[in-house]
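Comments concern the structure below.
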Amino acid sequence: MVNFWLLDLLLGLACLLIANQYWYLTRARFQSAALIIVAALLCMALAALVGAYRYGMDPGTTELHRALTRLSGFASFLLIGIGLLWSRLGLTWGADNRTPAYVVMVLVLASAIALSESGMLVSRAVVDLYSALGLLLWLLVAVLELIMPGRLTRKQALLLGGGALLVVVNGLLIGTGSSRLLGMARTNWFHLLLAVSVFSLLYARPLFTLEKSTDG
């Protein structure tokens, strides 16, 4: 599909770039919290990059793309929300090792798969539920930073919260399919705006440091 592969590629590269920033934070305080966000972004990047390959070169990878997209839906937003809240609360569990991060990742994925396979909820409903919960946690952290300033400046908190709100509006108004936003058809606007949302996580990095940010 025209432009789908390019915007999937853009989303994948954006996720890898931000994941790289958080990878460096795993070597300092809040190793587990930062590692959880790295894992979330890698899931999203893998799904996007395979999508770019599918749309641009080999439609035969459709099933693999669907599986990776479902995996990202189960994990990405919920893990981002958990990682942000974990660091905002200053939890010491997992501050000096990564084992708790692995435990959280396994629990999130195992619970999502169990719900989906048990027939209690269809996969799409599980994705929606876990994504909504993750976005609520993401927004909660931004709101907490606005009303009870911690390590983020007001500008950083607003940009962080704006990223989560953009995902919500993006999903409600555009969806995951092609659209005719701004009169242009066959363009994956959902992934373009999702890439913008991912970049807002750059402003959350001071949450993972020992000092309050003085930028912006």
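The values are calculated or read from the model by the stated rules, or taken from the named source; none is laboratory data. Values in this document were obtained by computation on a predicted structure and should not be read as measured data. Every residue, glycine as well, gets a Cβ built from its backbone with ideal geometry; the counts of neighbours run over all protein chains shown. Accessible surface is based on the protein model in full, side chains and every heavy atom, while ligands, DNA and RNA are left aside. Shrake-Rupley method; radii C 1.70, N 1.55, O 1.52, S 1.80 Å.
In summary, THR176 fulfils each of the numbered conditions (1) out of contact with any Phe, Trp or Tyr (no Cβ under 8 Å at 6 or more places or on another chain); (2) within 19 Å of LEU9 (Cβ to Cβ); (3) at pLDDT below 70 with the single exception of condition (1).
Inspection of region 30-49 finds a residue satisfying the criterion of being of a type in the set (Ser, Thr, Tyr) and under 28 Å from LEU144 (Cα atoms).
Residue under question is GLU145, and the condition is that it be open to solvent by 60 Å² or more (accessible area, probe 1.4 Å), assigned to a helix (DSSP H, G or I) and either at pLDDT below 85 or among the charged types (D, E, K, R) (or both); does it hold?
no
Tell me, yes or no, whether region 29-48 has at least one residue that is open to solvent by 30 Å² or more (accessible area, probe 1.4 Å), within 19 Å of ARG88 (Cα to Cα), at pLDDT below 90 and touching a Leu at 6+ places or on another chain (Cβ under 9 Å). Scanning region 29-48, I find at least one residue that is open to solvent by 30 Å² or more (accessible area, probe 1.4 Å), within 19 Å of ARG88 (Cα to Cα), at pLDDT below 90 and touching a Leu at 6+ places or on another chain (Cβ under 9 Å), so the answer is yes. Here SER87 clears all of (1) in contact with a Gly (Cβ under 8 Å, 6 or more places away or on another chain); (2) surrounded by 21 or more Cβ atoms within 10 Å (Cβ to Cβ) except the condition numbered (1).
Checking each residue of region 64-75 against the condition of being modelled with pLDDT under 90, open to solvent by 10 Å² or more (accessible area, probe 1.4 Å), outside any helix (DSSP H, G or I) and out of contact with any Leu (no Cβ under 7 Å at 6 or more places or on another chain) gives no match.
Under the condition of being in contact (Cβ under 8 Å) with a residue 24 or more places away in the chain, within 17 Å of ARG66 (Cβ to Cβ) and of a type in the set (Gly, Ala, Ser), which residue from region 117-135 is surrounded by the most Cβ atoms within 10 Å (Cβ to Cβ)? Checked region 117-135; the qualifying residue surrounded by the most Cβ atoms within 10 Å (Cβ to Cβ) is SER131. Of (1) surrounded by fewer than 16 Cβ atoms within 10 Å (Cβ to Cβ); (2) part of a helix (DSSP H, G or I); (3) at pLDDT below 80, PHE190 satisfies all except one. Which? The one condition PHE190 does not meet is (1). Within region 90-114, the residues that satisfy the criterion of being open to solvent by less than 60 Å² (accessible area, probe 1.4 Å) and either free of Cβ contacts under 8 Å to residues at least 12 places away in the same chain or touching a Cys at 6+ places or on another chain (Cβ under 7 Å) (or both) are GLY90, ALA110, SER111, ALA114.
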